[in-house]
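Here is the structure we will look at.
Values in this text are rule-based calculations from the coordinates and carry no lab data. A quick note: this is a predicted structure, and the numbers were derived from the prediction, not measured. Every residue, glycine among them, receives a Cβ derived from its backbone with ideal geometry; neighbour counts consider all protein chains shown.
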Amino acid sequence: MSLSVQAPLLCIAGPTASGKSAAARAIAQRWPVEIINVDSATIYRGMDVGTAKPTAQERSEVTHHLLDILDPADSYSVATFRRDALQSVRDIQSRGNLPLLVGGTMMYFKALRDGLNDLPAANPDIRKALEASAAAEGWPAMHAKLKTIDPITAQRLSPNDSQRIGRALEIWQISGQPMSALLGATQPADEPVATITLSLEPLERSLLHTRIAERFDQMLELGLLAEVQALYARGDLHPGLPSVRCVGYRQLWSVLEGELDLKQAREQAISATRQLAKRQITWLRSQPERHMIDACAPSATEQVVQAISKIIGLP
């Protein structure tokens, strides 16, 4: 792919509840930026409260890209994100504005920065069949199947990592080869993209945990349960879909299924969000070139603004 983008690209990454949106708004108030959302949940329409999606007022103040682009019944691949994000970058730069990539989906950042291997494209029919099997048997059973086909890939995946297990099984069905073999035999099919990453990370993890709990309670007050009820009432969605598996949504879905009460769902959602944040932080800390800022510092947002001004030379 010919990139035709002006690199390096400016990225603000961090775990959930680390203040990325606040930092992005502060930047937009100072410089002519347009925000590209690097988030695997805010792409879905009708999922606003539980994804902490920017409000209508915030969207009116700065242009956002890759929001509300997909129905919750559909899936969105990493390759499609990379294509869409780079197209948004080109469009923004053609207008003389600065693309600002903001989010916490680390595999999207990795795909953007490093490129993707030349793996088979997604097959909707095979994917639907796999999701149906998973709905009947459970993802641990699908993981066991993967172990017999591709033990190398299965070893590095959790038995409940539905998205990656499904993709590995899909690749095997399409190509007849294990994903690990294809990854080992190919070089990235896309050119890497230079990025500058400002990473909002908590120096004191307990402070982030408090934020996570407070934010989930605020989401409940703002109507998250009603939002999940509206999705549930559609009748065409199920827990095998990436949209329903989003943290918070899948726990409240279990309330509607009669599997959990609201108190249990709240506790599980907060715990799952903390686990997600831990994985995000682990990934960020593996990136030595990042510019780290303490997410829980009172001056975190201003530090981000100052860092951008210094790194890129913006006045």
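Things worth noting here:
- A crude spin-label estimate for the pair Ser206 and Ala136, with each label 7 Å from Cα along the Cβ direction, gives 5.0 nm.
- Sorted peptide list for 15-23, 105-113, criterion being average Cβ within 10 angstrom, highest first: 15-23, 105-113
- Among Ala154, Ile126, Ala136 the positive-end extreme of the charge dipole of segment 124-185 (Cβ point charges): Ala154
- The residues neighbouring Ala134, those whose beta-carbon lies less than 14 Å from its own, together hold a net charge of +3 under the Lys/Arg +1, Asp/Glu -1 convention.
- Our note on the geometry: Cα centres of segment 277-313 and segment 210-276, 29 Å apart.
- With 10 Å bins from 0: P(r) over segment 196-307, alpha-carbon pairs, percent: 13, 36, 28, 19, 4
- Of the trypsin sites (Lys or Arg not before Pro) in segment 46-108, the ones in a loop by DSSP (not H, G, I, E or B) with at most 14 other beta carbons within 10 Å are Arg95.
- Check: the chain dipole with +1 on Lys, Arg Cβ and -1 on Asp, Glu Cβ, in debye: 580
- Correct choice for semi-axes √(5λ) of the Cα gyration tensor in Å that was computed from the model, options (1) 31, 26, 18; (2) 36, 23, 17; (3) 42, 18, 16: (1)
- Each residue, Arg30 and Leu314, gets one label point 7 Å from its Cα in the Cβ direction; the gap between the two is 0.8 nm.
- Counting charges near Arg83 (Lys, Arg +1; Asp, Glu -1) among other residues having Cβ under 12 Å from its Cβ returns a value of 0.
- Between the exposed loop cleavage positions of the chain, defined as GluC sites (Glu not before Pro) in a non-H, G, I, E, B DSSP state with at most 10 neighbouring beta-carbon atoms within 10 angstrom, the longest gap is 1-256.
- Whether segment 3-115 is rounded, prolate or oblate, judged on the alpha carbon gyration tensor where a/c under 1.5 counts as rounded: rounded
- Placing pseudo-labels 7 Å out from each Cα toward the beta carbon at Gln173 and Thr148 gives an inter-label distance of 1.6 nm.
- Highest mobility in the GNM of the chain, judged by mean-square fluctuation with C-alpha springs under 10 Å and restricted to Thr195, Thr153, Thr301, is found for Thr153.
- In order along segment 298-307, phi translates into HN-Hα couplings of x, 9, 4, 4, 5, 5, 4, 4, 5, 5 Hz, rounded to whole numbers, per the Karplus curve 6.51 cos²θ - 1.76 cosθ + 1.60 with θ = phi - 60° and x for Gly and Pro.
- Assigned charges on the beta-carbon of Lys, Arg, Asp, Glu; segment 124-185 dipole about Cα centre (debye): 120
- When the P(r) of segment 124-185 is calculated, the portion above 17 Å amounts to 29% of the C-alpha pairs.
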